[in-house]
Amino acid sequence: MSSATFNGRTESLPADADALLVDVLRDQLHLTGTKLVCGAGVCGACTVLLDGVPVVSCLLPAKAAAGKSITTVEGIGAPRLHPMQKAFMALDALQCGFCTPGFIVEATAFHDLWRAAHGAATPSRDVIGAALSGHLCRCSAYDNIFRAVSEACAGRYDGDVVASPRVEARDKVTGAAKYTVDIKHDGQLEGLVLRSPHAHARITSIDFAPALAIPGVKAAIDLLDSDREVRFVGQQIAAVAAIDRSTAAKGLAAIKIAYSVLPSVIGADAARHASAPLVFTGNATPANASEGTVMRARWKGNVRGPTAAFSQKKKKARAWIAAARAAGDPRLVEGTYRTSIQQHTSLEPHAAVARFDGDRLTIHVSTQSVFELAGKIAKRFKLDRQNVHIVAEHVGGGFGSKGTLGNETMIAIQLARSANAPVRVVFDRDEELSVAGYRPGAEIQVSLLPGADGALKALSMRAHADAGTGVNSMISGLARLIYPAEAKDLVDFDIVSNLPPGAPFRGPGGPPMAFALEQAIDDAALRLELDPIVLRKRWDTNQNRQRLYDWAQGLECWRTIAKPATKTGRYRRGVGVAAGYWLYLWQLNTKVELSVVGGRLSASTAVQDIGTGIRSVIADTVAREFGLEAHEIDVRIGSSNLPEGPTSGGSRTTASVVPPLIQAADKLKAELNKRAGRAPKPGSNAPWRDLIAASPDLRVTAQRGEDDASLARGQRSLLKDAGWIGTIFGWMMRRFSHMAVGAGAPSSVQVVEVEVDTWLGHVRVVQVHTGIAVGRVASMPLARGQAAGSIIQGLGYALYECREVDPKSGVILTAGLEDYRIPGIADTPLIDVHFDEGGFDHVLGGSVGIGEVATVPTAAALANAVYNAIGLRPREIPLRPDRLLSLLEKGSSA
Amino acid sequence: MSDQTSSFPAEFRAAGTDLSERRRSGVSRGAIVDIDVASAMTEITWDETGAGHIGAFVTIAAIAADARIALNYPAFSAAAAGLATPQIRNVATIGGNLAQRSRCWYYRNPHVACLKKGGPTCPARDGNHLYGVAFDLGPCVTPHASTMAAAILAYDGTIVTTSRPMLQIRNFLGDGSSAQDNSLVPGELITTIQMPPPVPEAGFYKRAISRTHAEWPLVELVTRLSIADGKVRTASLVAGGIAPVPLRLSGAEKVLLGSAISASTIGDACSAAIAAAKPLPMTVYKLQLLRGLMHDVLGRLESNP
Ligand SMILES: Cc1cc2nc3c(=O)[nH]c(=O)nc-3n(C[C@H](O)[C@H](O)[C@H](O)COP(=O)(O)OP(=O)(O)OC[C@H]3O[C@@H](n4cnc5c(N)ncnc54)[C@H](O)[C@@H]3O)c2cc1C
Ligand code: FES
Ligand code: FES
């Protein structure tokens, strides 16, 4: 048997020719810092050093390591952290941390070579971008990664100081952080899912006996709904648990199954045809692709809708627009826009590890919602809520896709029950990129009519969402809460077809709405011969954005903006602006507990950190209240046994958790004072530290209360501006989603500078300026990272990301990271983040969430910049080279 | 699975950067034959004519880092430096790069039948061929995957295999009329790539992609050119990503030979390059990209004749 050295220790290698190094590391040697993400050499999460050289362990045959020395992330920080690790920590070059081990391995190797060759010179962005081009980070921490790599190479982290604004950073840069995919119980089985090869079929028979007869297969379960139908390729049919993955795969292959294939229709365009086969008949119901409650709506064939509750004098809007069109009113701006489907692409896939101890269920889940999930599971599986324990210590990204009770979780529970053993279910990348949800695609028609007085008179928006077998997308409706007009006709439709269902994704409905609306506003400004920011200042009455417009007008690049279409030559530069908002949401019933245990202060609530940094926000908030350092606070999150905490979605965690923390801190201070035998030493610079250290064990809790409306400076809930439907909507959010909509609009105004290569159809984003109003910034590096990450995801949406399917079979073709293209580090522009910290004084602590609002206007601002550069409107994203070239060609022939 | 193995051919394995992915997905299931690396296969040697002999087991990174290769075969060197990712280049071999299988998203999907897997038709042809060919030369509409093959074709290199000592690269690749990725027969191993004696000339490699790095080329262009007295004396242009095999742009070469490089010759060369194109509904843009690449590369020579 051959062997290799792993972080200095000799270990034997498996004889199996198919064994890959990544599996040896993770499964045999428990070196779980190395992550498996794409399995295809694209993302670099599995990178290790082979005799000092970075290689991807997901493709490296274990045999190829024979006689060699392998260094994993665990071997890099031991015994002392490498300067690169310290730089990643200090400059917050990470969010969820799932990609971090791979980046660390590559960046340390780069650092050592660079320093050997160039001393302490600073490598350029281009050099760093090329060196790290074999790594992907979906949280898009690239901006800070650039900084960390260049500063570490310049020798700025050679010293002993180890500090980070993110409390768990050390675990993430050393590979110690355990994610759901890393959990391993004794006797744990592996669960795999059998998926439909047909876009529409009825399963007429299914026989598990041959699967169960295979040694090592411990359970096989049926996952079909009562109608026994599957409606998209990849829909789950059955699942198997076995002692390992390959045995489980054999089990799946052995299941005998008979299909009766039914007519299907692929894609929204085909599904709209009158002759298209119906996707849903009988009692079957579509999935909910949004966060909102599904309301009743009309169906016509495969088209559901209209839902138009957010309209306002819609008949007037229609009549005015029709009249303007008939009269050839030059002020009328109309256009049709198309946005593509965007996959969340969290680097940690959907994963769950379920384990029963009697009737107690412990389940590790990669989830955005530990607390709510426990309740949902208890209900669904008829368990006592007290007996369901959800754990999510670290979560490798979510972006909206992990907010509900997911299939992976239900399957793990069912298999664990059936096999009477712990079961792990981890989606493969192709499952993740096909059946695990996505931002629905859309076709949006906009008509925008300025009145003779220059005010916005009427707006009409009709959106057709493409969410496969999912419905309830709201896109047009969101246009009610920005740019007040005399009349608005806002209509949403869903078109169902035999494709997997969509799911909420960062600011659901926001980016496509803004893509269409903000380009129409840009067009209107051109028609009215106004500066686009001047027009927005006139039409957009929101106070927060008014301040951001002032900031944007002062930007150098904006002041030197050139008129569109006067530019010639291969490379053309342009600048564009767009605005966006999101609702300020907070979760009712959020509770926090502050306690002193053994002289240390600890804060707990059942929230989870999906990379947004809530763990650090909690530590910072409590530390600030008591004049301590963040590391002096123990933060307990990621467990459903803690006091009720919020779901990480709708940018609500900060605004839900910080106010009760401040209240709890006040309570705890009172208790400490009361119990203190004597007052702190006069002049002590750490009065609370002393009191806490001397205090007996104590515990206080606080619950999130309503905001103080008197401090809101005339701002109210955005929904209050939306008439009765706003009131109903707000009530429903409270009632069914336990979310309150607070006063004020989290806002963002972005200015994007691009350079278009008209020969190769390539758009280079030179710089993005983002002005953000989300109140006081709780932690500047973390907030900056969130803002930059949102922008880069928005640029991916605008330029690269597109799900592609086979139009006949409904097979998802972009099921790997090679074909589903997310931004890499070298695609990162310079990012200038401006925080306007006013506007949320009525919120205790003064801050609301940033994650969604920062991504809403990006694609729109980019499109306006491209228009400014080439004088042609990109009406369809992503603006890939094929689309940009065809736009240019049409433009030149027109 | 073992009972199915017999119907799949045995495959050599070099670094496995292509093969491992196909085995994980189940597309390839034959026996694995790990290549027994003879020492000659890991070296670059130079003969008395100055020609380079590159062992099939030499890594892409080693080729990209080799100074003599960069000097003698600049376009070949740049092609190596420009493909895949640093981690892949560190282990991927040139033999494996030439013999790698198609990246077609139908071919790589284990649940879909296609010509390259012995199926009856090419599902991309009437399906989604966004990354397909714009020169429709054969039954299969996916472009050839190998960047290095395009570069070697531009140099008229020769492949040495265990059964064929002098296999011209164009015969190795074929003319695109078969669904096979190359003309190797089972058990035939590439041992060396023989480059021609170097000549003084300029060489370029450029690819068009949507992002900045680490993306398969939409179209790539390998160019070798020598200019004397303001006139093009030799020209060799090969486009990849656009046809079932890397495509020698002989029409464009003819236009260039003997002329000065000017805006009008570049335009004529572009027209000649795409004269025989047969784009598919979704691949017309690749012809625009090819023009763009030619303008980019030839344009660099325009001002300094
Ligand atoms: C993310 C990514 C991006 C990539 N981008 C590019 C790109 O832009 N351009 C490009 O050209 N390639 C690209 N590649 C492909 C990469 O270059 C190849 O996978 C690699 O060169 C294959 O070499 P290997 O040694 O790993 O071969 P293996 O995976 O071991 O083998 C590949 C195939 O070649 C056969 N083979 C290997 N060696 C020999 C030999 N000596 N004789 C006969 N048959 C042999 C094997 O049987 C197998 O069928 C990319 C790969 C990845 C993962
Ligand atoms: S998991 Fe290996 S490169 Fe993505
Ligand atoms: S931090 Fe990179 S993927 Fe989340």
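The values are calculated or read from the model by the stated rules, or taken from the named source; none is laboratory data. Keep in mind that what you see is a predicted model, and the values were worked out from it rather than measured. FYI the Cβ positions are ideal-geometry reconstructions off the backbone, even for glycines, and counts take in every protein chain you see. Note: accessible area is taken over every heavy atom of the protein model, side chains too, but ligands, DNA and RNA are not part of it. Shrake-Rupley method; radii C 1.70, N 1.55, O 1.52, S 1.80 Å.
Across the options A:ALA242, A:PRO286, A:TYR571, the greatest Cα extent toward the positive end of the charge dipole of chain A (unit charges at beta carbon of Lys, Arg, Asp, Glu) belongs to A:PRO286.
Give the average, rounded to an integer, of partner chain Cβ atoms located within 10 angstrom of each Cβ in A:426-435. It would help to have the intermediate numbers written out before the result.
On the way: counts 0, 0, 2, 0, 5, 0, 0, 0, 0, 0.
Mean shielding by partner chains, rounded to a whole number: 1.
Would you give the gap between the C-alpha center of the stretch A:127-161 and the C-alpha center of the stretch A:810-836, rounded to a whole Å? Each part's Cα centre sits 18 Å from the other's.
Too long at a 20 Å Cα-Cα cut-off: which of A:LYS63/A:LYS172; B:LYS231/B:LYS254; A:LYS313/A:LYS720; A:LYS316/A:LYS457; A:LYS86/A:LYS184? Result: A:LYS63/A:LYS172; A:LYS86/A:LYS184 exceed 20 Å. Spin-label pair B:THR234-A:ALA452: with each label point 7 Å from Cα along the Cα-Cβ axis, the two points sit 7.7 nm from one another.
Give me the number: length gained by fully extending A:LEU224 to A:LEU830, i.e. 0.36 nm times residue separation minus the C-alpha to C-alpha distance, one decimal in nm.
Details: separation 606, 0.36 × 606 = 218.16 nm, distance 4.89 nm.
Once the chain is fully extended between A:LEU224 and A:LEU830, it gains 213.3 nm.
Between A:LYS184 and A:ARG417, what's the calculated FRET efficiency when r is the beta-carbon distance and R0 is 25 Å? Round to 0.05. That pair, A:LYS184 with A:ARG417, gives E of 0.80. Three semi-axes describe the equivalent ellipsoid of the stretch A:585-707; taken as square roots of 5 times the Cα gyration tensor eigenvalues and ordered largest first, they are 26, 13, 12 Å.
Set the Förster distance to 45 Å, then compute FRET efficiency between A:VAL161 and A:HIS30 from the Cβ-Cβ distance, nearest 0.05. Please report the intermediate quantities before stating the final value.
Numbers: r = 31 Å, r/R0 = 0.69.
So the FRET efficiency works out to roughly 0.90.
Ligands, DNA and RNA excluded, the heavy atoms of B:GLU201 present near 40 Å² of accessible surface to a 1.4 Å solvent probe. In summary, the helical segments of chain B meeting the span-like criteria, namely a full DSSP H run, a Cα extent along the axis of 24 angstrom or more and a mean Kyte-Doolittle hydropathy of at least -1.0, are B:284-302. A crude spin-label estimate for the pair A:ALA274 and A:THR560, with each label 7 Å from Cα along the Cβ direction, gives 5.8 nm. With a cut-off of 11 Å on the backbone N, the residues of the stretch A:144-160 near the modelled label site 7 Å out from A:VAL127 along Cα-Cβ are A:150, A:153-154.
Computed with every protein chain present, the accessible area of A:VAL37 is close to 10 Å² [probe 1.4 Å]. Using θ = phi - 60° in the Karplus curve 6.51 cos²θ - 1.76 cosθ + 1.60, the 3J(HN,Hα) couplings for the stretch B:94-100 round to 6, x, x, 5, 5, 8, 4 Hz; x is entered for Gly and Pro.
Need the full-extension length gain, A:ALA693 to A:SER205, defined as separation in residues times 0.36 nm minus the C-alpha distance. One decimal, nm.
169.0 nm
Between the stretch B:121-138 and the stretch A:1-57, the alpha-carbon centres lie 37 Å apart. Remark: spin-label model distance A:ARG624-B:ARG170 equals 7.1 nm, labels positioned 7 Å along the Cα→Cβ axis. Select from B:THR85, B:THR158, B:THR93 the residue whose mean-square fluctuation is largest in a Gaussian network model of chain B (Cα-Cα springs shorter than 10 Å). Largest GNM mean-square fluctuation: B:THR85.
With all protein chains present, how much of the accessible area of the stretch B:4-71 (probe radius 1.4 Å) comes from carbon and sulfur, to the nearest whole percent? Numbers along the way, then the final one.
Values: 1730 of 3120 Å².
Ligands and nucleic acids excluded, carbon and sulfur give 55 percent.
Summary of packing: across the peptides A:629-637, A:419-427, the per-residue average of other C-beta atoms within 10 Å ranks them, highest first, as A:419-427, A:629-637.
Of all DSSP beta bridges located in the stretch A:585-707, what percent are antiparallel, nearest 5? Show your work: numbers first, answer last.
Working: 11 of 16 bridges.
Counting DSSP beta bridges with both partners in the stretch A:585-707, the antiparallel share is about 70 percent.
Across all C-alpha atoms in the protein assembly as shown, the radius of gyration and Dmax reach 30.2, 99 Å.
Look at where the Cα atoms of the stretch A:757-800 and of the stretch A:855-894 average out, and the two centres are 18 Å apart. In the stretch A:872-888, the residues that give up 40 Å² or more of accessible area when the other protein chains are added, compared with the chain on its own (1.4 Å probe), are A:PRO881, A:ASP882, A:LEU885.
May I ask you to give the percent of accessible area on the stretch A:3-75 that is carbon plus sulfur, with a probe radius of 1.4 Å?
Working: 1120 of 2290 Å².
Carbon with sulfur: 49 percent of the solvent-accessible area.
For the peptides A:860-868, B:204-212, the ranking by packing is A:860-868, B:204-212, with the highest mean count of neighbouring Cβ atoms within 10 Å listed first.
Using Cα-Cα distances under 8 Å and only pairs 6 or more residues apart, what relative contact order does the stretch B:1-103 have, in percent? Can you show the working numbers first?
Values: 130 pairs, mean separation 28.2, N = 103.
Across the stretch B:1-103, relative contact order equals 27 percent.
Is the stretch B:72-163 best put as rounded, prolate or oblate by its Cα gyration tensor, with a ≥ b ≥ c the root eigenvalues, rounded for a/c under 1.5, and otherwise prolate when a/b is larger than b/c, oblate when not? Walk me through the intermediate numbers first.
Details: a/c = 1.92, a/b = 1.82, b/c = 1.05.
Prolate shape, in that a/c is at least 1.5 and a/b is the bigger ratio.
Per residue, the solvent-accessible area of the protein assembly as shown (1.4 Å probe, heavy atoms of protein chains only, all protein chains present) comes to 35 Å².
Relative to the Cα centre, the charge distribution of the stretch A:83-177, modelled as +1 at Lys and Arg Cβ and -1 at Asp and Glu Cβ, gives a dipole magnitude of about 100 debye. When +1 charges are put on Lys and Arg Cβ atoms and -1 charges on Asp and Glu Cβ atoms, the dipole computed for chain A relative to its Cα centre reaches about 2000 debye. Think of the stretch A:3-75 as having a plus end and a minus end, set by charges on the Cβ of Lys, Arg, Asp and Glu; of A:LEU20, A:CYS38, A:THR71, A:THR71 sits farthest toward the positive end of this dipole. The listed residues A:LEU36, A:LEU262, A:LEU25 rank as A:LEU36, A:LEU262, A:LEU25 when sorted by accessible area, largest first, using a 1.4 Å probe. Pick from B:GLU188, B:GLU43, B:GLU253 the residue whose mean-square fluctuation is largest in a GNM of chain B, springs joining Cα atoms under 10 Å. Among B:GLU188, B:GLU43, B:GLU253, the largest GNM mean-square fluctuation belongs to B:GLU188.
Nearest 100 Å², what total accessible surface is buried between chain A and chain B (probe 1.4 Å)?
Values: alone 32930 and 13520 Å², together 42290 Å².
What A and B bury together is about 4200 Å².
So, with a 1.4 angstrom probe, what is the percent of accessible area on the stretch A:287-349 that is carbon and sulfur? Can you show the working numbers first?
Working: 1740 of 3190 Å².
Percent of accessible area from carbon and sulfur atoms in the stretch A:287-349: 54.
Measuring heavy-atom accessible area with a 1.4 angstrom probe and counting protein chains only, the residues of the stretch B:91-134 that give up at least 40 Å² relative to the chain alone are B:VAL91, B:ARG103, B:TRP105, B:TYR106, B:ASN128, B:LEU130, B:TYR131.
Which trypsin sites (Lys or Arg not before Pro) in the stretch A:23-99 sit in a loop by DSSP (not H, G, I, E or B) and have at most 11 other Cβ atoms within 10 Å of their own Cβ? Intermediate values should be presented prior to the final figure.
Numbers: sites: A:ARG26, A:LYS35, A:LYS63, A:LYS68, A:ARG80, A:LYS86; in loops: A:LYS35, A:LYS68, A:ARG80.
Passing sites in the stretch A:23-99 are A:ARG80.
For the peptide A:39-45, the mean number of other protein chain Cβ atoms found within 10 angstrom of a residue's Cβ is 5. Once all protein chains are placed together, A:TYR157 keeps about 40 Å² accessible to a 1.4 angstrom probe.
With contributions of -39500 (n - 2.57) from each DSSP H run of at least four residues, the per-residue ellipticity at 222 nm computed over the protein assembly as shown stands at -8500 deg cm²/dmol.
Other chains near B:14-26: what is the mean number of their Cβ atoms within 10 Å of each residue's Cβ? Could you put the intermediate results ahead of the total?
Values: counts 2, 5, 9, 7, 2, 2, 13, 9, 0, 5, 8, 6, 2.
The shielding value for this peptide is 5.
Among A:GLU408, B:GLU21, the sequence by solvent-accessible area, most first, with a 1.4 Å probe is B:GLU21, A:GLU408.
If I take R0 = 41 Å and measure r between the Cβ atoms of A:ARG573 and A:ARG331 in this structure, what FRET efficiency does the formula 1/(1 + (r/R0)^6) give, to the nearest 0.05? Taking R0 as 41 Å, the efficiency between A:ARG573 and A:ARG331 is 0.90.
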